1. Do you know which residues across the range 89-115 are in contact with a Leu (Cβ under 6 Å, 6 or more places away or on another chain), of a type in the set (G, A, S) and buried (at least 24 other Cβ atoms within 10 Å of the Cβ)?
2. Taking the residues in the range 10-32 that are at pLDDT below 95 and part of a loop (DSSP other than H, G, I, E, B) as candidates, determine which candidate is most open to solvent (accessible area, probe 1.4 Å).
3. Do we have R75 as open to solvent by 40 Å² or more (accessible area, probe 1.4 Å), in contact (Cβ under 8 Å) with a residue 40 or more places away in the chain and over 20 Å from the mean Cα position of the chain (by Cα) here?
4. Suppose we keep only residues that are part of a helix (DSSP H, G or I) and open to solvent by 50 Å² or more (accessible area, probe 1.4 Å) within the range 302-336. Which one would you say is farthest from R289 (Cα to Cα)?
5. Just one of (1) touching a helix residue (DSSP H, G or I) at 6+ places or on another chain (Cβ under 6 Å); (2) in contact (Cβ under 8 Å) with a residue 40 or more places away in the chain trips up P241, so point out which.
6. For A70, work out the one condition from (1) surrounded by 14 or more Cβ atoms within 10 Å (Cβ to Cβ); (2) more than 24 Å from R199 (Cα to Cα) it doesn't fulfil.
7. Can you tell me how many residues in the range 224-264 are surrounded by 18 or more Cβ atoms within 10 Å (Cβ to Cβ) and part of a helix (DSSP H, G or I)?
8. Please work out if G160 is assigned to a loop (DSSP other than H, G, I, E, B) and open to solvent by 20 Å² or more (accessible area, probe 1.4 Å).
Amino acid sequence: MVASWWSRARLGIFVHWTPASVPGWAPHHVPAAELPAAGRRAPLGWTPYAEWYENSLRFPGSPAAAHHRATYGTRPYTDFGHDFEDGLATWDPAAWARSFRKAGAGYAVLVTKHHDGFCLWPSETDNPHRTGWHTTRDVVGEFAEAVRAEGLRFGVYYSGGLDWTFDDRPIGTAADMFSAVPRGGYPAYADAQLRELIRRYHPDILWNDIAWPASAAEIRSLTDYYRFTVPHGVVNDRLLPYAPHWRALRLPVARSLYNWWDRRTVAQGEGFVPRTPPAFDFRTPEYARYTGSDPYEITRGIDHSFGYNRNSPPDAFIGREALTSLVRSTAADGGNLLLNVGPRGEDATIPAEQRLRLEWLAEDAAVRAEEEARESPSR
């Protein structure tokens, strides 16, 4: 059973904040099912997820690559790490945490390392391919301290399945993604980093993404260590063990068959539900409803991206009625909503369109508190 504190939370806040938040750009959303019909045979190169900017640049014909050439010329993606560091000078983690608490959140999950491999803490585990690819400031520690000071639980997101500093081949489809799970020294690197995060910050939530680059037995060792260190902690459903046959997905026939199967399993609409791993505490449907019987957490952005996308049009952002209804209906069904905010990389601020949604939730939380107070028996 999932921990009772998690089941009562109703709402969590996700934070995707990476060097890709400096350019902060992705094309407008096109439903995944429509991309192949539009001639996009590599839909992940055309993704509206701005945090995938570095991967999108590897497709010369992609909108992100065209934007980058027009805006930054030949400037490499790694330069944005320096801009991100400079932006930390104006970061106010306490203000973020207050806004999350007022919105009614019970927990907050920070992306500590996304697919670009950039770490938001001065990791003691050296990256052998990109020296210094991390913040000098302990962003993870400061974020954890700030949200816990507001009474929220703290979680870490870690991209275990992808790290483009270890394998930088272009990822255009689901088959490409699983065939790009790094091998060699990466499994030991990822294991060491996640254990470091557990040891240093005792996160209440362990939120892995995509898959895990090692076997089911090695995952059990890792989660046993986590549960020993944080007995009340919870683990999401994306610790999918590495499968040797994923290497065959580089072959054209296998790639085509897998991508056909993946398109069939994508949830109706724009989202999907991850494949089920051997062990987990809760499911994480992404931009999708969940119809199973397991504890679940719907995760989505305020617009069609997780990372900050300055190119999002006004109609891309979730409306007030839809947002408050989603929180209430998900809670009534026994699930949680993990709503993402994507701060700007250049100045560490939450954009106005996103702040407005947090304010709507704060107003709804205040109304809900009044309703519950009226319904409770008088003393």
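The values are calculated or read from the model by the stated rules, or taken from the named source; none is laboratory data. On a predicted model such as this, the values are computed, not experimentally measured, just so you know. Positions of Cβ are backbone-derived with ideal geometry, glycine not excepted, and every protein chain shown enters the neighbour counts. The area values use the complete protein model at the heavy-atom level, side chains included, leaving out ligands, DNA and RNA. Shrake-Rupley method; radii C 1.70, N 1.55, O 1.52, S 1.80 Å.
1. Once the filter is applied, which keeps residues that are in contact with a Leu (Cβ under 6 Å, 6 or more places away or on another chain), of a type in the set (G, A, S) and buried (at least 24 other Cβ atoms within 10 Å of the Cβ), the range 89-115 yields A105, A108.
2. Of everything passing the filter in the range 10-32, H28 is most open to solvent (accessible area, probe 1.4 Å).
3. When the stated conditions are applied, R75 does not pass them.
4. Checked the range 302-336; the qualifying residue farthest from R289 (Cα to Cα) is P314.
5. The failed condition is (2).
6. Tallying (1) surrounded by 14 or more Cβ atoms within 10 Å (Cβ to Cβ); (2) more than 24 Å from R199 (Cα to Cα), A70 fails exactly one: (1).
7. Residues that pass the stated criteria total 6.
8. Considered against the rule, which asks whether it is assigned to a loop (DSSP other than H, G, I, E, B) and open to solvent by 20 Å² or more (accessible area, probe 1.4 Å), G160 comes out as no.
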